[in-house]
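Read the figures in this text as sums done on the coordinates, not as results from a lab. No experiment lies behind these values; they were computed from the predicted model shown. As a convention, Cβ positions derive from the backbone with ideal geometry for all residues, glycine included, and neighbour counts pool all protein chains shown.
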Amino acid sequence: MQGKGNSNPGSVLKARLGPDQYAKLARIENTRLHAFLADAIELCRPESVFICTDAPEDIAYVRGQAVVTSEERSLAMEGHTVHFDGYFDQARDKANTRYLLPPGVDLGSSLNSIDRQEGLSEVRGFLAGSMKAREMIVRFFCLGPTKSAFSISGVQVTDSFYVAHSEDLLFRPGFEQFKSIGDSAGFFRVIHSSGRLKGMVSADVKKRRVYIDIADDCVYSVNTQYAGNTVGFKKLALRLAIRKADREGWLAEHMFVMGAHGPKGRVTYFSGAFPSACGKTSTAMLEGETIIGDDVAYLRPIDGVARAVNVERGIFGIIRDVNPSDDPLINEVLSRPGEVIFSNVLVKDGVPYWLGMGRELPAKGMNFSGEWFAGKLDADGNEVPPAHKNARYTVALADLANLDPLADDPAGVPLGGIIYGGRDSDCWPPVQQSFDWTHGVVTMAASLESETTSATLGQEGVRSFQPMSNLDFVSLPLGRYMQNHLDFAGKMKAPPLVFAVNYFIRGRDGQYLTDIHDKAVWLKWMELRVHGEVAALRGPTGLIPVYDDLAELFRRVLSKEYTREQYEEQFKVRVRESVAKMERISGLYRAQVADTPEVFFRVVDDQVARLRECAGRHGDYAPPGLLPAE
Ligand code: SPV
Ligand code: MN
């Protein structure tokens, strides 16, 4: 951390920590860590500092203080609490999340950045004295399983017990792991302050800043509480990890990792990249399959195999539409005693309510706007919904019955396939496989588009460019990031297959063409493809399923009839839309990504030529049945 230069961190720490807390910290002999903490203390000037080790009593203290300080309130069900973020602090703030750019570094125009010195003095200015009269919590985590080639140590400083408590559910404890890295500088640092509070919410949201110091593996976050802006080891550290992965030849991704269960007890592992609120968690949580993680994954080539781990150990999931029919496994965890933090839901008589829960909501209660009643208007005259669309739940994966037995394996799991999915109303079919790795990286991963959702501030439903569903977190020039993906295959004997899915394709009447449960079938099809056990048809944009195979899977997996008409409508080749997409995307790369790899344009041109040729033969909406076998 870039401080004013503290000549003697040891004496600052001794003086400010008190003997008990200092004794805990002294067990980690890392001079960079000590300097970071001394600087953070001098900058934020907390009333007291709590060093949280991996000991159960330390963790219990953090959990308890979240309630004592009223950042969380206990609900009727044992272990359940609720937290509210401020009215204007309900999602990731993309506009105020910036990279601190050292002189001479160019991240390209698609990344939001600010001169490093200017940004540091702004954010440090906001942090100065921000923890007065509050306790600073210092927590240590390990990203990825401990004692593994994937492990990255991290330390978080925050004045929010809600943030520190959430992190306990979301990340593996890392105090002991930290001791094992010696005096290494190779750890991530996050410093967060909620800033001035009004009630229990950040008051100065206009001064909300999330700045990522890529030169120092450090993240600053201030005047915000929403977990996506504050829980440092989620998306904030992902940005640091992407740069580390670039230096070391692996990939840090916005992906779930899951086991898909095939015939005869076979488990095939997939990772999947979907923009927020596009079906990522619900895919990883499909019934009958097993979850490893739902949000952030590290992928490393190990002995010629792509292996993946979950960076986290919990879920910070969107609660909207979680109900017994659509998300039975999560619904179950949220309905029984156990440690759950609900955020930005509606609470009445100690019971949480959310949109799409499959029950009628009460006409009044407590929500992110304070006391809420049906018809309540905000200061701008807009109706306040009972619960926020981006309301969330936070739980530990260990509480799930469908946790994969290899979830904590230090070796990670071997990937059979990688899935890319977006919210695409008019183009991609429900599922397709790329012709090869490069075709997948270019036309599926790097060409991913999605309509915006409530997971980020701003208008919803706008088609946006979402390469690898990681654009919000990419901390490298985009072309270089794409090149890292292209190069990844060269490090493997056989790279994972690449698939694209789309749960949001609509018909001409605007209705969705698939059902929310159908993703179970697309996944089973992909699992069989990894093992070469089903055939495919060769379309201009990829390999698509044969009708009979899907009909059989629909019967077996969902006990549902799947008609040929449904298939034809879902899988017809949408030539016009597909050409328009390719032109739109390549135009974007040409205009905005100076370092786009040459191969990208070649693969796009070939795809457009195939589409035109297909239209010449079969028209703009070629029936899938006319496509040749692969
Ligand atoms: C997402 O929005 O992609 C999330 C939640 O997973 S956040 O932590 O806000 O990134
Ligand atoms: Mn996410």
Pairs from LYS198/LYS376; LYS207/LYS234; LYS94/LYS179; LYS519/LYS581 whose Cα-Cα separation, in the structure shown, is over 28 Å: LYS94/LYS179
Between ALA215 and ARG556, what is the spin-label point distance in nm, taking each point 7 Å from the Cα along the Cα→C-beta axis? 5.8 nm
Helix 56-68: angle to the longest alpha-carbon principal axis of the chain, degrees 0 to 90, nearest 10? 90 degrees
Rg/Rh (Cα only; Kirkwood hydrodynamic radius) as it applies to segment 316-399: 0.99
Could you run the Karplus curve 6.51 cos²θ - 1.76 cosθ + 1.60 with θ = phi - 60° over segment 310-319 and give me ³J(HN,Hα) per residue in whole Hz, x for Gly and Pro? 7, 5, 10, 9, x, 10, 10, x, 6, 8
Hey, can you grab everything whose amide H is under 5 Å from the amide H of ILE291? Only 5+ residues off in sequence or another chain; H modelled, so Pro and N-termini drop out. GLY259, LEU403, ASP404
If you build the convex hull over the alpha carbons only and average its shadow over all orientations, what do you get for the chain? Give it in nm² to one decimal. 27.0 nm²
Rounded to the nearest 0.05, what FRET efficiency is calculated for ARG584 and GLU460 with R0 set to 25 Å and r the Cβ-Cβ distance? 0.80
Based on C-alpha coordinates, I'd like the Rg and Dmax of segment 120-165, in Å. 14.2, 41
Expressed as a rounded percentage, what relative contact order does segment 474-630 have, with Cα pairs under 8 Å and six or more residues apart? 30 percent
Based on the Cα atoms of segment 439-537, what semi-axes does the equivalent ellipsoid have, where each is the square root of 5 times one gyration tensor eigenvalue, given in whole Å with the largest first? 25, 24, 10
Please list the non-local residues whose amide H lies under 5 Å from the amide H of GLY314, H modeled 1.01 Å from N, same-chain partners needing a gap of 5 or more. LEU397
Compute the relative contact order of segment 316-399 as a whole-number percentage, counting only Cα pairs closer than 8 Å that sit 6 or more residues apart in sequence. 39 percent
Folded to 0 to 90 degrees: helix 9-25 orientation relative to the chain principal axis, Cα: 80 degrees
Per-residue Cβ contact counts at 10 Å, fewest first, order TYR61, TYR211, TYR621 as TYR621, TYR61, TYR211
Amide N of segment 347-380 lying under 18 Å from the label point, which is placed 7 angstrom from the Cα of SER325 along Cα→Cβ: 354-361
Under 5 Å from the placed amide H of TRP372, counting only residues 5+ away or on other chains, we find GLY365, MET366, ASN367
Expressed as a rounded percentage, what relative contact order does the chain have, with Cα pairs under 8 Å and six or more residues apart? 13 percent
Determine, from the Cβ-Cβ distance of PHE601 and ARG538 and an R0 of 35 Å, the FRET efficiency 1/(1 + (r/R0)^6), rounded to the nearest 0.05. 0.95
Could you give each residue of segment 272-278 its phi-based ³J(HN,Hα) in whole Hz, using Karplus coefficients 6.51, -1.76, 1.60 with θ = phi - 60°, and x for Gly or Pro? x, 10, 9, x, 4, 6, 10
How large is ³J(HN,Hα) for each residue in segment 561-576, as worked out from phi by the Karplus curve 6.51 cos²θ - 1.76 cosθ + 1.60 (θ = phi - 60°), to whole Hz, x for Gly and Pro? 6, 10, 8, 5, 5, 4, 4, 4, 6, 6, 10, 4, 7, 8, 5, 4
Quick check: the angle from helix 31-44's long axis to the longest principal axis of the chain, C-alpha only, nearest 10 degrees? 70 degrees
ALA401 versus ALA609: modelled label distance in nm, points set 7 Å from Cα along the beta carbon direction: 5.4 nm
Once you put a point 7 Å from the Cα of ASP515 and another 7 Å from the Cα of ARG576, both along the Cβ direction, what distance in nm separates them? 3.1 nm
